[in-house]
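Contents: one structure, followed by commentary.
The values are calculated or read from the model by the stated rules, or taken from the named source; none is laboratory data. As the structure is a computational prediction, the values presented were derived from the model and not from experiment. Cβ: placed from backbone, ideal geometry, glycine included. Neighbour counts: every protein chain shown. In case anyone asks, the SASA skips ligands and DNA or RNA and just uses the protein heavy atoms, side chains included. Shrake-Rupley method; radii C 1.70, N 1.55, O 1.52, S 1.80 Å.
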Amino acid sequence: MCGIVGYIGSREKKNIILEGLKELEYRGYDSAGLAVLKDKEIDFFKAVGKLENLANKCEAFSSEGFGFAIGHTRWATHGKPTEINAHPHLGEYSCVIHNGIIENYKEIKEKLEKEGISFLSQTDTEVIVQLFEYYAKDMDAFDAFKKLVSELKGAFATLLISKKEPTKVFFAKNAAPLIIGKNADETFFASADAALIGKVNDVIYLEDVSYGYASKNELLIYENDILRANTFVKLPSDKAYAQKDGFRFFMEKEIYEQSNVLSEVLMGRIEGEEIIFDELKNENLKDVEELSICACGTSYHAALSSSYLFNRLSKVKTSVEIASEFRYKDGIVKENSLFVVISQSGETADTLEALKIAKQKGAKTVAICNVDNSSIVRLADYSILTRAGIEKGVASTKAFATQILTLWMLAIFIAQKKGFDMNKELKALRHIPKVALVTQKLHDKIHRLSKRYLDGHGFFFIGRDVFYPLALEGALKLKELSYLHAEGYPAGEMKHGPIALADSKLYTIALMPELCLYDKTKSNVEELIARDSTVLCISPNEFELSDDFIKTNKQEHFMCEFFEMMIIVQLLAMEISIRLGNDVDMPRNLAKSVTVE
Ligand code: G6P
């Protein structure tokens, strides 16, 4: 996700900001920018692409002597990765950087536009600086900042500088990280530890609903509108560890991050009781008669999962194909059908080619993708971004989670346009970030259990309905990370062949949700148990015949069970692979993005 740095002090500010941003590169970005406030003047620079481009742009600029600086790397979610959309965003005499999503930016923008204020960018962030200057006309700068912050809804970590108050940096934080570090003469800001290591030893991790300002000699932090004491804690010193937010692997960090990124998927896309996708412009898709979905790898499993939802909720006939198969099939793309491609990277060669073919055949195309401006996004008629942020682990986790949620929302969106009541779905959707929280108790349990699954002659992950593609995904995760043989299978299909393999060294991981064909799946599992298979059941319902059991929570919707089980299969694959001594983040023979056929 985006990165933030800030600095108050006398060193060459441009260099401090560029160095800080460099340390945040691992978070992924597609544009960058910085601004320096010194002697009541603001200089700013922005560039699309790598930090080198930004460094080149400000090569001739120097800013020694006491002053203030802010810098930002942006991962596009609202608006394309262009220079105009890059941070800092500018008003007439102030500028701002921001991480997160301002959920109510449209309302604020409309309000300000009615007052004659015009906006330059397509971002949600610009409302912060415009609203600040709107209030600062009639009041003190800090009061204006406080007032604007109280109006923001959503997630934000933000730094603002202004010529109106050229001795301060204003900051605010809610549901996105912001850290302040201090030396005797300097103050640093950053969105992650990595940018501060080596610069300061002591930091304050701001709590949610915080705001305040820092100047040469002051640091005032308000928490829930009450001035708090500046109690510093020690900053960790290991950068690699800091980049992983203290987790052992990027994959582990990404599994734990899922609850947050799922909140981001929802942000600004539920208005009242309705799903809205700005990305679809005015396309309401209600006349779509058929859906074809194409993808590879994990994205293919997201596609397959969503087909159940498009059938069930949107009442649209949906076919799913592996992109490399679709390419040479001379597939039929019908009029009034919608062709959807799903890709984390937006660069997968097979998926891109499938998209080209569908376009040539005249289909209307939608990309579900995590990377704006990627080849797939540029080519598709419409693109919906999945907002997972950069995914470093080669084995996809949070990208999958965000794809599923986005596709489920798309299914609801189409259903609503057709007039179906989707209130039950919306209630469940809102609950998903909570469901996706990883508890220490669950992780410990999976860690303990994993020692029993390090050998054997194979794994079957089984499930029915939407839990069948989840079984495929669980098996893929295990294969990718542990190099053990694993298959995903529809539970009801085991009796048509694979059951011949059943013995005590065949490990079955059974997904047994309560709210989706529980009894049917249970019978299938009993058939395997009768043949002496070793079975790990994952279910909210106790199952005394299983060898191992992971109890999930009672949920009100089967998709909540889906997300809970998704986390379990991800953690299981990771823990088995750690025990086997494999490289979790970079499994052998695999690449994160496959741009060849
Ligand atoms: C590679 C990766 C997988 C990924 C697949 C599709 O095989 O190793 O993790 O699922 O490509 O990638 P995409 O970026 O199109 O989702």
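Do we find that Gln243 is modelled with pLDDT of 95 or more and crowded, with 19+ Cβ neighbours inside 10 Å in this structure? It is false that Gln243 is modelled with pLDDT of 95 or more and crowded, with 19+ Cβ neighbours inside 10 Å. If you go through the stretch 480-519 and keep only what is without any contact (Cβ under 8 Å) to a residue 24 or more places away in the chain and either of a type in the set (A, V, I, L, M, F, W, C) or open to solvent by less than 10 Å² (accessible area, probe 1.4 Å) (or both), you end up with just Ala500.
Scan the stretch 44-90 residue by residue and report those that are surrounded by fewer than 22 Cβ atoms within 10 Å (Cβ to Cβ), of a type in the set (D, E, K, R) and within 9 Å of Gly33 (Cα to Cα). Answer for the stretch 44-90, where residues must be surrounded by fewer than 22 Cβ atoms within 10 Å (Cβ to Cβ), of a type in the set (D, E, K, R) and within 9 Å of Gly33 (Cα to Cα): just Glu83. Taking the stretch 345-419 as the region of interest, the helices (runs of 4 or more DSSP H) fully inside it that hold 2 or more residues being near the ligand (Cβ under 9 Å from one of its atoms) are 349-360, 398-417.
Is there a residue in the stretch 325-341 that is assigned by TED's automatic domain parsing to the domain that holds Gln416 and near the ligand (Cβ under 10 Å from one of its atoms)? Before you say what the answer is, go through the steps one by one.
Taking the stretch 325-341 as the starting set, the residues that turn out to be assigned by TED's automatic domain parsing to the domain that holds Gln416 are 325-341.
When the remaining residues are screened for being near the ligand (Cβ under 10 Å from one of its atoms), the result is 341.
Checked against the condition, which is being assigned by TED's automatic domain parsing to the domain that holds Gln416 and near the ligand (Cβ under 10 Å from one of its atoms), the stretch 325-341 yields at least one hit.
Checking Ser210, Ser215 one by one, the residue that is of a type in the set (Gly, Ala, Ser), assigned by TED's automatic domain parsing to the domain that holds Lys168 and over 27 Å from the mean Cα position of the chain (by Cα) is Ser215 and no other.
Take the stretch 90-136 and flag every residue that is aliphatic (A, V, I, L, M) and closer than 21 Å to Thr73 by Cβ. Explain how you work it out, then say what you get.
The initial filter retains those residues of the stretch 90-136 that are aliphatic (A, V, I, L, M), namely 90, 96-97, 101-102, 108, 112, 117, 120, 127-129, 131, 136.
Within the stretch 90-136, Leu90, Val96, Ile97, Ile101, Ile102, Leu120, Val127, Ile128, Val129 meet the criteria.
Does Ala428 satisfy being touching a residue at least 24 places away in the same chain (Cβ under 8 Å), assigned to a helix (DSSP H, G or I) and either within 16 Å of the ligand (Cβ to nearest atom) or in the same structural domain as Leu313 (by TED's automatic domain parsing) (or both)? When the stated conditions are applied, Ala428 passes them.
Tell me which residues, restricted to the stretch 203-214, are surrounded by 15 or more Cβ atoms within 10 Å (Cβ to Cβ) and either free of Cβ contacts under 8 Å to residues at least 60 places away in the same chain or assigned to a loop (DSSP other than H, G, I, E, B) (or both).
Residues of the stretch 203-214 that are surrounded by 15 or more Cβ atoms within 10 Å (Cβ to Cβ), as a first pass: 203-204, 206, 209-214.
Val203, Ile204, Leu206, Val209, Ser210, Gly212, listed by residue number.
So which residues in the stretch 560-597 are within 16 Å of the ligand (Cβ to nearest atom) and open to solvent by 50 Å² or more (accessible area, probe 1.4 Å)?
The initial filter retains those residues of the stretch 560-597 that are within 16 Å of the ligand (Cβ to nearest atom), namely 566, 569-570, 573-574, 577, 582-597.
Within the stretch 560-597, Asp583, Met586, Arg588, Asn589, Leu590, Ala591, Lys592, Val594, Thr595, Val596, Glu597 qualify.
Where helices (runs of 4 or more DSSP H) fall wholly inside the stretch 236-308, the ranges with 3 or more residues that are farther than 23 Å from Ser482 by Cα and touching a residue at least 12 places away in the same chain (Cβ under 8 Å) are 239-243, 258-266.
Yes or no: Phe156 farther than 21 Å from Asp39 by Cβ and modelled with pLDDT of 95 or more? Give the steps one after another, and end with the answer.
Numbers: farther than 21 Å from Asp39 by Cβ: yes; modelled with pLDDT of 95 or more: no.
Considered against the rule, which asks whether it is farther than 21 Å from Asp39 by Cβ and modelled with pLDDT of 95 or more, Phe156 comes out as no.
Results for (1) of a type outside the set (Asp, Glu); (2) modelled with pLDDT of 95 or more, shown as yes or no for each residue.
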| residue | (1), (2) |
| --- | --- |
| Asp124 | no, no |
| Asp138 | no, no |
| Asp143 | no, yes |
| Glu165 | no, yes |
| Asn174 | yes, no |
| Thr187 | yes, yes |
| Ala192 | yes, no |
| Ala195 | yes, no |
